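No lab work stands behind these numbers, since they all come straight from the coordinates. What you see is a predicted model; the values in this text were computed from it and never measured. Counting neighbours? That spans all protein chains shown, and the Cβs are built from the backbone with ideal geometry, glycine included.
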Amino acid sequence: MRAIITTSVIFIAAVSICTAQQRSDPTKFNGGSILAMAGRNSVAIAIDSRFGLGMQTISTAAPSSSNDDDADNSNNNGNPRILLFPNSNTLLAWTGLYGDGLGFSDEMSVLLASKVRRAGGMRFDGTTTRKTMNPKAIAMLMSHLLYRRRNAPYYVEPVIVGLETVLVEEDCLVEMETVKSLQSIAATTTTNEVESAPLSVSITPDTKIQCKTKTIQRPYLMYSDMLGAQSTSHSFVCSGVASRSLHGTAEALWRPNLEGEELVEICGRAFVSALERDCYSGYGAVVYLIQATENDDGNESDVCIVEYVLSSRND
């Protein structure tokens, strides 16, 4: 009987200490965790479905997107943790205090809309140009917003993932304007064999070098604290109350140059394994895959977003 009482006292004390530590950090009061991984030409981000007030679970619905037409209705019935899709190449998610997350989402939406509207001007032929911001530009805008409110900060920890359009050189062809630029093949004859010298090209001011370029999509991962300090990575980033467990599982399972389906499997396995070690996250997860597809000419200009719903422990 005495052993049972001692065990109960220790358990209550541990729960009280954990609750006090969580309440002292506003970014962890509502729980939630995020994990993002990079693949060969794709990125995956996993978000849990739990929304709570301390140890009390309020909602276990899937996170909703603020870009939907019925975003207000979905926020009232679903998970208050919102996602932002500035364009088809970028996804913005965050963990932290619920009220600050709503204000952060609204202000970011206004800033992104004003930047895109300012960049798209009228042409002389009467048509409009529509430009999209790359993930790095959106990350800089977000850091500027967070640092500008450093005296009254938003208690959020954002994560930005996306694909950057990059031009790379494949093959370079050298063309000479004159035949004199090419040296003739010199043959040296010996007593038993004939050796031929290789063709050598001399680069002169009249030489033209033509390089064939190809469009690829490069993964971009960025994590930021509530003051806008950025931390980029080529492998994975994580945020939320289970970030310590996420670092361990992601470091053990991630491999470079993962394909789309394999990246979703590795990201989901690492995410669910870490959520089972944290009581403030879990109750299912949603994985978003942003993957580039090749055209007929070999360029990776088309991007698609696929959503996967995962199940996990609900205790």
In the neighbourhood of Arg244 defined by beta carbon distances under 13 Å, the net charge of the other residues (Lys, Arg +1; Asp, Glu -1) is 0
For segment 222-285 (alpha-carbon point model, no solvent) the Debye-based log₁₀ I(q)/I(0) at q = 0.15, 0.18, 0.30 Å⁻¹ works out to -0.50, -0.70, -1.28
Extension length gain for Thr132 and Thr60 (0.36 nm per residue less Cα distance), in nm, is 22.6 nm
Taking R0 as 30 Å and r as the Cβ-Cβ distance between Leu53 and Ser88, the FRET efficiency 1/(1 + (r/R0)^6), rounded to the nearest 0.05, comes to 0.30
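Quick one: which of 110-116, 258-264 comes out on top by average Cβ neighbours within 10 Å, and what's the full order, highest first?
On the way: 110-116: 14.0, 258-264: 18.3.
Averaged packing, sorted descending, gives the order 258-264, 110-116.
Lys and Arg at +1, Asp and Glu at -1: add these up for the other residues within a Cβ distance under 15 Å of Leu146 and post the number. Could you put the intermediate results ahead of the total?
Values: positive: Arg148, Arg149, Arg150; negative: Asp100, Asp106, Glu107, Glu157, Asp225.
Computed value for this residue: -2.
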Each label sits 7 Å from Cα toward the beta-carbon; between Asn257 and Val116 the label points are separated, in nm, by 3.5
